[in-house]
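The values are calculated or read from the model by the stated rules, or taken from the named source; none is laboratory data. Everything quoted here is computed from the prediction, not taken from an experiment. FYI the Cβ positions are ideal-geometry reconstructions off the backbone, even for glycines, and counts take in every protein chain you see. We work out accessible area using only protein heavy atoms, side chains counted, and drop any ligands, DNA or RNA first. Shrake-Rupley method; radii C 1.70, N 1.55, O 1.52, S 1.80 Å.
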Amino acid sequence: MKFINRENELTVLNSNIMSGGLFIIYGRRRIGKTELLKQLKVPKKFRKIYYLVKEQPIEKTLEELNNKFIKELDELSLLDSPINNINKLFNFLMDKKIIFILDEFPLLMKEKNILGYMQEFLDNKPESAIILCGSYISAMEKIKDYSSPIYGRRMLSLKVQPLNFKNIKKFSIKSSKEELIKIYGVLGGIPEYLLKYSGNFDNFIKTNLFKKDSYLYEEAEFLLRYELRDLSLYNSILKSIASGCTTLNEIAQKSYVKKNAIVKYINMLIGLDIVKKELPYLSAKKEKLKERGALYFIKDNYFNFYYNFIYPFKEEIDLGYTNKVFNFFNKNYNAYLGYIFEEAAKQLIIKKYKANFGRQWGNYKSKKNKRLETLTYEIDLLSVDQKTKNIIAFEVKWKNLSYQKTKNILNELKNKIKYLPLELDGYKIKIGIVGKNIKNKNKIKNNNFLAFDLRDF
């Protein structure tokens with residue numbers, strides 16, 4: 001697998017590995033955890049031992065580990081006195097200067113007291129480093145939970161995240177930036193998916209997603225089945241969110257889940273990085289609003305694509321009606337990309353301004369026909385620094401924009417600022433837009449607006 005943009009993760013690992021102890025590396029399948037571990041620098045006098053845990057009896061696992069230690073560490077004593085239980089395994093590692101990687105570690109969690117033995121190992125301050133790697137996210141989270149025997153021990157935990165949009169082009173994908181957004185909307189920042197991209201977008205969609213038994217046709221359900229029990233319930237919830245339900249009440253009604261139970265299921269999907277919870281930017285830190293007023297979206301781009309364009313049409317795909325499904329996709333994909341482009345724009349703007357940005361929405365009162373009405377407003381990207389008294393606000397449009405249309409959008413955004421729940425006196429306000437293509441972009445900038453389009457990505 002091609003190794004791209006994991007510098008921060010590698011720096012953290014390489015700078016801490018000499019101290020030994022426990023390292024936890026986890027994240028969804030296909031995200032590049034194993035490749036990250038391959039790039040790890042091994043300090044002098046240390047040896048790196050990698051072992052992929054398999055679904056097999058513990059006796060077979062220990063036999064394979066014995067053979068590995070004999071072969072790679074020249075531990076011939078194991079021929080006469082082999083490691084035959086988990087406790088002996090940790091005792092063996094105690095005085096060794098090795099980096100011992102257990103990939104897919106959750107498969108060993110069924111072994112009685114394995115974390116207890118690991119606790120004793122860590123309490124004796126070994127020179128060895130043990131790296132536990134896994135794709136089973138909920139199990140990996142439990143390992144570092146406060147109820148775990150190894151909680152609070154010498155430990156570094158790293159959750160590997162999808163790559164940002166800017167890294168997509170590094171996968172030798174020779175496409176325009178517009179097509180890269182289209183690819184990002186299907187595959188997200190998952191390295192293994194991106195490596196499968198063939199170079200022809202329409203053909204890739206037809207052969208890898210809209211075809212029974214193809215690589216990505218049922219990948220989403222496979223990943224859910226790996227983590228969860230009631231697949232039908234979670235399918236229903238994700239389909240509801242994909243169809244436009246964003247509040248807990250809407251999602252519960254559409255997916256036929258009791259309202260008092262929906263939070264538990266949604267929180268599970270949030271923990272798996274499939275769903276995200278959003279609060280208005282200016283109220284996100286207020287404790288009372290943590291549930292009330294929150295909106296929910298599918299965070300993972302591949303899952304988002306799956307529940308928009310594959311799951312609702314599985315019957316048609318199974319029957320071979322690929323062209324029918326593809327025609328629906330063709331008509332609706334551009335509208336879907338508005339949400340995808342907003343996330344890519346957020347990544348760009350955060351990097352440029354070194355500030356936190358989020359979506360802001362709320363209500364305001366307006367007099368119409370002598371009646372006071374409650375209306376809503378929304379700002380796509382907002383940053384407020386109360387110390388420096390700076391406000392930066394952006395509208396994001398997945399459209400080709402004329403000069404006049406851009407000016408109209410910016411003036412509307414400028415008007416929305418007055419609805420913010422802030423005393424605006426003393427604030428410096430910058431207004432901007434991110435579009436697919438903006439005509440006369442420099443002229444817009446000369447009018448004291450901020451403007452970015454695909455040419456800036």
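Observations on the model:
- Relative contact order (percent, whole number), the stretch 118-268, Cα cutoff 8 Å, 6+ residue spacing: 13 percent
- Relative contact order computed over the stretch 381-421 (Cα-Cα under 8 Å; 6+ residues apart), in percent: 28 percent
- Of all lysines in the structure, the ones whose alpha carbon falls short of 27 Å from that of residue 211, not counting any fewer than 8 places away in one chain, are 2, 169, 174, 177, 182, 196, 239, 299, 314, 324, 331.
- Derived scalar couplings between HN and Hα for the stretch 11-20 equal 4, 4, 5, 5, 7, 10, 5, 4, 7, x Hz in order, rounded to whole Hz, by the Karplus curve 6.51 cos²θ - 1.76 cosθ + 1.60 (θ = phi - 60°), x for Gly and Pro.
- Looking at the stretch 195-333, the accessible area is 52 square angstrom per residue; that uses a 1.4 Å probe and ignores ligands, DNA and RNA.
- Mean separation of Cα contacts under 8 Å, 6 or more apart, over the residue count of the chain: relative contact order %: 12 percent
- Among beta bridges that DSSP assigns inside the chain, antiparallel share in %, nearest 5: 35 percent
- When each of 405/439; 170/399; 48/71 is checked by Cα-Cα distance, pairs over 18 Å: 170/399
- In Hz, Karplus ³J(HN,Hα) per residue of the stretch 30-47 (6.51, -1.76, 1.60; θ = phi - 60°; x = Gly, Pro): 6, 8, x, 5, 5, 5, 4, 5, 5, 7, 4, 7, 8, x, 4, 6, 9, 10
- Here's the picture: charge each Lys and Arg Cβ at +1 and each Asp and Glu Cβ at -1 in the chain, and of 382, 86, 137 the one pushed furthest to the positive end of that dipole is 382.
- Applying a DSSP loop filter and a limit of 13 other Cβ atoms within 10 Å to the trypsin sites (Lys or Arg not before Pro) in the stretch 99-152 leaves 110, 112.
- Solvent-accessible area, 1.4 Å probe, carbon plus sulfur percent, for the stretch 188-237: 43 percent
- The stretch 316-391, accessible surface, carbon-and-sulfur percent (1.4 angstrom probe): 47 percent
- Applying 1/(1 + (r/R0)^6) with R0 = 30 Å to the Cβ-Cβ distance of residue 335 and residue 364 gives a FRET efficiency near 0.65.
- Residue (of 431, 360, 332) at the positive-pole extreme of the stretch 304-457, dipole from beta-carbon charges: 431
- Restricting the stretch 268-376 to GluC sites (Glu not before Pro) in coil, as DSSP defines it, with at most 13 other Cβ within 10 Å: 291
- DSSP beta bridges in the stretch 329-443 [antiparallel fraction, %, rounded to 5]: 60 percent
- Dipole-positive endmost among 348, 404, 417 within the chain (Cβ charges, Cα centre): 404
- The charge dipole of the chain, taken about its Cα centre with unit charges on the Cβ of Lys, Arg, Asp and Glu (plus for the first two, minus for the last two), comes to roughly 2520 debye.
- Reported label for calculated log10 I(q)/I(0) by the Debye sum over Cα atoms at q = 0.08, 0.09 Å⁻¹ given (i) -0.59, -0.74; (ii) -0.50, -0.64; (iii) -0.65, -0.81: (i)
- Of the trypsin sites (Lys or Arg not before Pro) in the stretch 304-358, the ones in a loop by DSSP (not H, G, I, E or B) with at most 14 other beta carbons within 10 Å are 354.
- Per-residue ellipticity at 222 nm, computed for the chain from helices alone with -39500 (n - 2.57) per DSSP H run of at least four residues, works out to -12000 deg cm²/dmol.
- Table column - 3J(HN,Hα) (Hz), the stretch 399-409, Karplus curve with 6.51, -1.76, 1.60, x for Gly and Pro: 8, 7, 10, 6, 4, 5, 5, 4, 4, 5, 5
- Net charge dipole, the stretch 268-406: roughly 960 debye, given to the nearest 20, about the Cα centre with Cβ charges of +1 for Lys and Arg and -1 for Asp and Glu.
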